[in-house]
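Structure first, commentary second.
The values are calculated or read from the model by the stated rules, or taken from the named source; none is laboratory data. Small disclaimer: the values here were computed from a predicted structure and weren't measured. Cβ: placed from backbone, ideal geometry, glycine included. Neighbour counts: every protein chain shown.
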Amino acid sequence: QAPVDSLVKQVEGLSLDALADKYPNCYPQINPFDLYRAHLSNVLADITGVDPKIIYPALAWTQGLDKGDLTLPTPALRIKGQKPDELAKTWAEKFPDNDPLFEKPVVTNYFLSFFFRGPALVKGVLPMIQHFGAEYGNNKFNGLKDPKDPSKGKKRIVVEFSSPNIAKPFHAGHLRSTIIGGFLANLYEGAGWDVVRINYLGDWGKQYGLLALAYERYGDEQALQQDPINHLFQLYVRINNELSAEKEDIAKRKEAGEDVTALEANSLDEQARRYFKKMTERDPDALAMWKRFRDLSIVRYKQTYARLNIKFDEYSGESQVSEEAMDKIVKEMLEKGICKEDQGALLVDFPSLIPGKEGKRLERPLVRKRDGTALYLTRDIAELLARHEKYQFDKMIYVIASAQDLHVKQFFKIVELLGHKDIAEKCQHVNFGLVLGMSTRKGTVKFLDDILRDVADKMHEVMKKNQEKYQQVENPEATADTLGISSVMVQDMTGKRINNYTFNIDTMTAFEGDTGPYLQYAHARVCSIRRKAGLTDEELRSADFSLLTEQHAVNIVRLLAQWPDIVQTTLRTLEPTTVLGYLFKMTHELSRSYDHLQVVGSEREVMKARMALYDAARTVLGNGMRMLGLTPVERM
Ligand code: ARG
């Protein structure tokens with residue numbers, strides 16, 4: 001028996017299959033809002049004479065529960081020759097008094113506001129949440145090649161994110177990419193897509209030749225084993241300082257008229273270039289050293305990603321792009337007139353290729369240097385095409401800082417000009433703004449691990465303040481770590497992606513306001529009520545939902561009913577804040593309700609019903625948090 005049945009049964013003549021066929025992307029079995037929208041469209045079609053298929057997409061969300069659950073701006077139905085205000089009034093009057101799912105609509109100017117009837121909603125939605133549990137909110141049809149025929153298989157999406165540079169700091173940009181990318185991958189997985197998570201490491205280029213030189217001189221095997229990321233970074237900084245000093249020295253001598261040819265030929269810069277050249281020629285010794293650095297770094301990255309609940313399917317990287325593929329592409333670009341020679345180098349002259357503003361904006365990027373080596377841009381073109389070949393994806397998302405907007409536009413465009421418009425159109429750049437003021441308590445921050453440790457320490461201090469609770473937490477260190485990570489992630493996901501934000505350890509770890517600890521607290525609180533109530537799942541399933549008559553209870557269910565629809569909207573916005581904003585709305589509604597809906601101490605049947613309500617809220621809260629990449633805690 002489908003759990004939505006209890007809702008459907010209340011509407012005479014309503015059939016789920018009929019609804020699903022009638023309206024596009026309508027899945028009343030798993031999304032209560034789809035059922036309500038479909039039923040309302042049917043009713044309004046009778047009243048207005050308008051095609052229900054026009055009504056259905058015109059039904060919008062409201063600003064808040066006080067404005068109803070759905071709203072219709074009457075002009076959206078495009079009726080000519082009548083005043084929208086009057087239409088609204090007439091239709092409201094004609095709306096049946098005894099509709100099983102909706103109250104009589106409220107008219108404000110030309111808007112009709114519709115409120116779900118409490119009893120039907122509560123009886124329909126809570127069993128649905130109990131039934132689907134962790135799957136409530138997921139719509140696996142979204143990811144099907146053909147929603148009507150699952151045997152045709154799933155659509156595949158590649159999400160490229162994180163992509164740090166070996167031996168360089170894992171900076172705020174990488175952190176944001178990691179958080180947003182992890183979230184997007186979860187979102188699509190829940191929507192039934194086959195998701196491939198790729199980490200495109202910055203692991204190639206002359207600077208890795210330089211790093212190898214540094215290791216030959218100052219490397220410490222033990223330090224490398226123990227903490228490769230820090231050790232490589234130290235080497236990197238040291239050799240780069242030497243490099244700049246040397247450059248300065250040569251420049252000075254040159255100015256003084258000295259012959260610097262010999263100095264230059266043996267300079268660090270030149271040695272690094274030669275070393276990297278050996279790497280591109282696949283010299284076994286040169287490659288072996290580089291591969292060790294890469295492998296050891298990946299081991300460490302994996303540990304950090306695990307704390308964030310992230311696993312990659314592939315550690316790709318700039319080093320993995322084949323020279324042959326790039327040669328082929330550059331040759332093709334030359335043949336097709338996409339790039340041309342300019343002082344020995346090759347560049348794409350967008351302003352002359354594409355008329356108007358677009359061409360100008362794309363500038364004139366190089367695709368091959370004078371010494372014949374390829375660039376970041378060239379690698380991205382070849383990598384994109386190689387990924388398409390390998391994964392045959394239906395969609396690919398790049399989670400890269402908005403500072404690289406131009407770069408991404410350039411390589412998408414070049415792929416298009418190469419005759420792969422179809423492939424370019426499957427690619428989307430999901431960008432994000434800067435993090436300002438990111439520093440530890442000790443100074444400027446370098447590594448993600450340091451930040452996470454600092455924030456966890458802070459949370460640990462806060463937890464210790466409540467000794468009674470603290471004693472009951474099984475593994476306080478681990479909980480503090482989880483809370484710290486939640487603080488960082490929630491702060492990051494609070495605004496729209498494109499906004500910059502200021503990293504502030506004090507505000508993010510506060511329990512007041514819409515923070516990570518507050519969200520975790522809301523979850524832990526429901527878990528605590530459940531522990532105290534001591535009811536079984538079976539008892540919650542057999543609860544009498546008609547006892548949930550209070551407006552506070554109904555309001556919570558109205559919000560819970562929105563979750564699958566929120567997920568659908570998130571698939572359009574690709575904004576973590578769409579989910580997070582919803583979760584905070586829900587936690588606020590929950591905390592308002594506690595004084596009115598006592599669980600422990602109430603009469604047994606009432607206790608069961610209320611506990612079932614809060615348990616459903618816990619499910620939805622947990623589903624949302626996990627989608628964001630958070631680990632919901634049960635005690636804190
Ligand atoms: N490693 C690059 C950086 O740190 C980010 C890579 C982004 N991805 C790409 N396909 N270009 O700036």
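Overview of values
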| item | result |
| --- | --- |
| Residues of the range 587-618 classified as assigned to a helix (DSSP H, G or I) and surrounded by fewer than 19 Cβ atoms within 10 Å (Cβ to Cβ), total | 7 |
| Tyr27 vs. criteria modelled with pLDDT under 95, of a type in the set (Phe, Trp, Tyr) and either surrounded by 15 or more Cβ atoms within 10 Å (Cβ to Cβ) or assigned to a loop (DSSP other than H, G, I, E, B) (or both) | yes |
| Residue identified as outside the structural domain of Pro164 (by TED's automatic domain parsing) and touching a residue at least 12 places away in the same chain (Cβ under 8 Å) among Leu452, Leu417, Leu406, Leu385 | Leu452 |
| Residue check, Glu341 more than 16 Å from the ligand (Cβ to nearest atom), in a strand (DSSP E or B), charged (D, E, K, R) and modelled with pLDDT of 95 or more | yes |
| In the range 189-235, the residues that are of a type in the set (Ser, Thr, Tyr) and out of contact with any Gly (no Cβ under 7 Å at 6 or more places or on another chain) | Tyr208, Tyr215, Tyr218 |
| Test: residue in the range 35-53 that is touching a strand residue (DSSP E or B) at 6+ places or on another chain (Cβ under 9 Å), hydroxyl-bearing (Ser, Thr, Tyr) and surrounded by 19 or more Cβ atoms within 10 Å (Cβ to Cβ) | yes |
| Residue that is modelled with the lowest pLDDT [pool: residues in the range 299-332 that are in contact with a Leu (Cβ under 7 Å, 6 or more places away or on another chain) and away from the ligand (no atom under 16 Å from the Cβ)] | Arg307 |
| Residue in the range 358-379 that is touching an Asp or Glu at 6+ places or on another chain (Cβ under 8 Å) and more than 16 Å from the ligand (Cβ to nearest atom) present | yes |
| Matching residues in the range 386-398 - criterion: being closer than 28 Å to Ala172 by Cβ and more than 8 Å from the ligand (Cβ to nearest atom) | Arg387, Lys395, Met396, Ile397 |
| Unique match (being assigned to a helix (DSSP H, G or I), at positive phi and more than 16 Å from the ligand (Cβ to nearest atom)) among Gly137, Gly124, Gly133 | Gly133 |
| Qualifying residue in the range 579-593 (condition: aromatic (Phe, Trp, Tyr), out of contact with any strand residue (DSSP E or B) (no Cβ under 6 Å at 6 or more places or on another chain), under 21 Å from Met493 (Cβ atoms) and touching a residue at least 60 places away in the same chain (Cβ under 8 Å)) | yes |
| Candidate set: the range 158-198, residues that are over 20 Å from Ile498 (Cα atoms) and β-branched (Val, Ile, Thr); chosen: the one farthest from the ligand (Cβ to nearest atom) | Val195 |
| Filtered residues of the range 332-341 (kept if without any contact (Cβ under 8 Å) to a residue 24 or more places away in the chain and either assigned by TED's automatic domain parsing to the domain that holds Gly419 or more than 15 Å from Ala374 (Cα to Cα) (or both)) | Glu335, Gly337 |
| Near pairs, Cβ below 7 angstrom, 6+ apart or cross-chain, from the range 189-215 (under 19 Å from Leu296 (Cβ atoms)) to any residue that is within 16 Å of the ligand (Cβ to nearest atom) and of a type in the set (Lys, Arg) | Asp203/Arg294 |
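Yes/no per residue for (1) touching a residue at least 60 places away in the same chain (Cβ under 8 Å); (2) aromatic (Phe, Trp, Tyr); (3) surrounded by 15 or more Cβ atoms within 10 Å (Cβ to Cβ):
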site: Ala456; (1), (2), (3): no, no, yes
site: Glu468; (1), (2), (3): no, no, no
site: Gln472; (1), (2), (3): yes, no, no
site: Asn475; (1), (2), (3): no, no, no
